[in-house]
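Presented below is the structure to which this report refers.
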Amino acid sequence: MGSFGAMEIVIVVLFVLLFFGAKRIPELARGIGQGIQEFRKASDDIKKEIDRGREDIKDSTRPTQRKEEETENK
């Protein structure tokens with residue numbers, strides 16, 4: 001089960017042309033492209049939110065550690 005050969009790709013393209021028609025293919029491609037774009041945008045937003053949360057946690061723990069060190073030194 002390796003990669004697709006040229007003949008398999010041609011068969012798939014012909015099947016798509018017959019099944020959907022030439023007029024619907026650009027609409028389908030556009031919809032798929034928009035879906036992929038939305039997915040990437042959502043995943044980027046999630047990554048940014050996780051990074052912000054990580055930074056917030058780091059910032060909130062730093063002063064606590066300093067206070068603990070100061071109380072230990074007294």
Query - Stretch gain in nm, segment Phe4-Glu38, where the contour uses 0.36 nm per residue and the Cα spacing is subtracted - result: 9.4 nm
Query raised in the report: How much length is gained on full extension from Asp59 to Arg30, taking 0.36 nm per residue of separation minus their Cα-Cα distance?
Result: 6.1 nm
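Laboratory data are not the source of any read-out in this text; all were calculated from the coordinates shown. Just so it is clear, the model here is predicted, and its values are computed rather than measured.
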